[in-house]
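For reference, the structure discussed in these notes is given below.
The values are calculated or read from the model by the stated rules, or taken from the named source; none is laboratory data. Since this is a predicted model, take the numbers as computed values, not measurements. With ideal geometry, Cβ positions are generated from the backbone for all residues, glycine too; neighbour counts draw on all protein chains shown.
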Amino acid sequence: GAVVSQHPSRVICKSGTSVKIECRSLDFQATTMFWYRQFPKQSLMLMATSNEGSKATYEQGVEKDKFLINHASLTLSTLTVTSAHPEDSSFYICSATRQAHQPQHFGDGTRLSIL
Amino acid sequence: AQTVTQSQPEMSVQEAETVTLSCTYDTSESDYYLFWYKQPPSRQMILVIRQEAYKQQNATENRFSVNFQKAAKSFSLKISDSQLGDAAMYFCAYRSEGGSQGNLIFGKGTKLSVKP
C-alpha cells in the first residue's frame, strides 16, 4: 500500500513552454503533498508544501508565480512550471502523506529538460 | 532552523564487508524523527530506516542499523554484509514532530560504491 504515482517521468521541451507534473496517491488520501527539486549531484530541496483545499506554502526563494501548485483533491496535486527556461531543468519529485506528520511516500520523480 | 550534515561525499566498501555512513544534525527541538533514504540511479527515494527521537533503542532493519546518539546529535547508518545492490546515494533526513508542515530536511548525501 501507500503508492504514489508521478507523471510524466521525463519531459523534454522548448524554452517558454509550460509543463504540468502530476502527483497522485493511488491507495490513500493525501491531505499533504510536498514538492522537492533535486539538481544533479545535489540533495532534495523542498520547494513547497501543498495542503488539500488550500494555497500551497512556498519555501523562501521559490517563485510562486513560476511554480504553480494545485491540490484540488485528496489524491492529486499538480506542479506547473510556467514559461520554463533552461535553468528550470532539474529532477522534480513529490511525496504524499495522509497527514502532515505521517510517513511520506515518494513518487518516482520527473526529469525536466528545457532546451 | 534545523540542518542536516553528511560529511562524507563518497564512501566505498568491499562486498560482504560493513560500512558506516555518518550524519549529524542541529536542532533545538526535543521531538523529531530521523531517516535514512536510499536513492539508486533510478532516482527513486527508498526509505531504509527511521528512528524516533524519543526512543533510546537504535532502529534496525535486517542488514541496516543506526547508531543514534541524541546528546551528540549524531545518526549514523551501518550497513552489514554489503551487497552490490546497496550501491546508491544515501540521504540522511530530519523531520520535526511538532509544527504544521512535517516536511523532510535532507543532508547533501553520501555516494556509496560497493566493490565486488
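Summary table below
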| quantity | calculated |
| --- | --- |
| Selected residue (criterion: farthest from the other protein chains (Cβ to nearest Cβ)) from residues of segment A:81-108 that are in a strand (DSSP E or B) and of a type in the set (A, V, I, L, M, F, W, C) | A:Val81 |
| Test result for B:Val48, more than 14 Å from every other protein chain (Cβ to nearest Cβ) and either at pLDDT 95 or above or under 14 Å from B:Leu21 (Cβ atoms) (or both) | no |
| Answer residue from segment A:57-106, given it is small (Gly, Ala, Ser) and under 15 Å from the mean Cα position of the chain (by Cα) and is nearest to A:Phe39 (Cα to Cα) among those | A:Ser90 |
| Set A:Thr31, A:Thr78: member being more than 20 Å from B:Ile105 (Cα to Cα) and in contact with an Asp or Glu (Cβ under 8 Å, 6 or more places away or on another chain) | A:Thr78 |
| Of all residues in segment A:10-56 being over 17 Å from A:Gln102 (Cα atoms) and β-branched (Val, Ile, Thr), the one that is surrounded by the fewest Cβ atoms within 10 Å (Cβ to Cβ) | A:Ile12 |
| Per-region count, segment A:4-29, residues among the charged types (D, E, K, R) and in contact with a Ser or Thr (Cβ under 6 Å, 6 or more places away or on another chain) | 3 |
| Index of the failed condition, A:Ile69 passing every other in (1) part of a strand (DSSP E or B); (2) within 24 Å of B:Met89 (Cβ to Cβ); (3) of a type outside the set (S, T, N, Q) | (2) |
| Only one of B:Ala53, B:Ala71, B:Ala59 that is of a type in the set (A, V, I, L, M), in contact (Cβ under 8 Å) with a residue 40 or more places away in the chain and farther than 23 Å from B:Glu10 by Cα | B:Ala53 |
| The lone exception for B:Tyr37 - which of (1) more than 10 Å from every other protein chain (Cβ to nearest Cβ); (2) hydroxyl-bearing (Ser, Thr, Tyr); (3) closer than 15 Å to A:Gln104 by Cα it fails | (1) |
| Output for segment A:40-60, where each listed residue is more than 18 Å from B:Gln2 (Cβ to Cβ) and of a type in the set (D, E, K, R) | A:Lys41, A:Glu52, A:Lys55 |
